[in-house]
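The values are calculated or read from the model by the stated rules, or taken from the named source; none is laboratory data. Just so you know, these numbers come straight off a predicted model, no measurement behind them. Using ideal geometry, Cβ is built from the backbone for each residue, glycine included, and neighbour counts are taken over all protein chains shown.
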Amino acid sequence: MEVARNTLSGVSIPDLLGRYAAILYELRARGVVRTRNAPLGDYAEYLAARVYSGVLAANSVKSYDLLSADGRRVQVKARTVGSDTHPGAVFSAFRSFDFDVAVLVTFDSSTYALQWARGRGRRRRSGRPVLLTRQRPSGQDHRRCQTRRRCHDSI
């Protein structure tokens with residue numbers, strides 16, 4: 001990945017943004033992302049939909065991101081984490097609790113490689129962020145899920 005960063009150092013800002021737009025277009029065409037926003041959230045939802053054999057909810061649905069094959073409403077929260085990430089870093093707050101399972105996902109900030117993913121039943125703490133340092137080993141750890149293998153949580 002360091003080689004790719006070095007080869008971009010001489011590229012103009014408009015060209016970089018054009019490449020970024022083209023990458024987003026291609027990711028959208030492949031069904032990995034659904035919007036032209038930063039792809040992290042869409043990518044996490046895409047991965048969760050594969051793990052839960054689910055169907056992504058419309059972008060206008062505010063309480064959950066996908067419906068699992070067994071009918072559960074799944075809310076996905078994602079963020080990047082790097083060596084410089086502050087220990088008190090948080091996921092965004094849950095603003096609504098009309099979901100059955102929350103899936104928290106972390107990605108490496110420089111490669112977007114999946115670092116950690118866990119699905120859990122909800123707790124009602126409206127508007128409170130989830131601290132990265134408060135993640136506990138409960139629920140189903142989805143890091144071990146292979147692309148085609150179906151993973152089921154124990155909630």
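Any chance region 47-69 includes a residue that's free of Cβ contacts under 8 Å to residues at least 12 places away in the same chain, assigned to a helix (DSSP H, G or I) and small (Gly, Ala, Ser)? Checked region 47-69: no residue is free of Cβ contacts under 8 Å to residues at least 12 places away in the same chain, assigned to a helix (DSSP H, G or I) and small (Gly, Ala, Ser). The set of residues from region 70-96 being closer than 20 Å to Tyr112 by Cα and part of a loop (DSSP other than H, G, I, E, B) comprises Gly82, Ser83, Asp84, Thr85, His86, Pro87, Ala89, Phe91, Ser92. Determine whether Thr35 is loosely packed, with under 11 Cβ neighbours inside 10 Å, polar (S, T, N, Q) and modelled with pLDDT under 95. Criteria not met by Thr35.
Look at region 42-69 and say how many of its residues are of a type in the set (Gly, Ala, Ser), under 22 Å from Gln115 (Cα atoms) and surrounded by 18 or more Cβ atoms within 10 Å (Cβ to Cβ). Let's see the steps before the verdict.
At the first step, the residues of region 42-69 found to be of a type in the set (Gly, Ala, Ser) are 44, 48-49, 53-54, 57-58, 60, 63, 68-69.
Imposing the further condition that a residue be under 22 Å from Gln115 (Cα atoms) reduces the set to 44, 48-49, 53-54.
With the extra rule that they be surrounded by 18 or more Cβ atoms within 10 Å (Cβ to Cβ), the set shrinks to 44, 48-49, 54.
Residues flagged as of a type in the set (Gly, Ala, Ser), under 22 Å from Gln115 (Cα atoms) and surrounded by 18 or more Cβ atoms within 10 Å (Cβ to Cβ) within region 42-69 amount to 4.
With respect to (1) surrounded by 11 or more Cβ atoms within 10 Å (Cβ to Cβ); (2) at pLDDT below 55; (3) out of contact with any helix residue (DSSP H, G or I) (no Cβ under 7 Å at 6 or more places or on another chain), the lone exception for Cys145 is condition (3).
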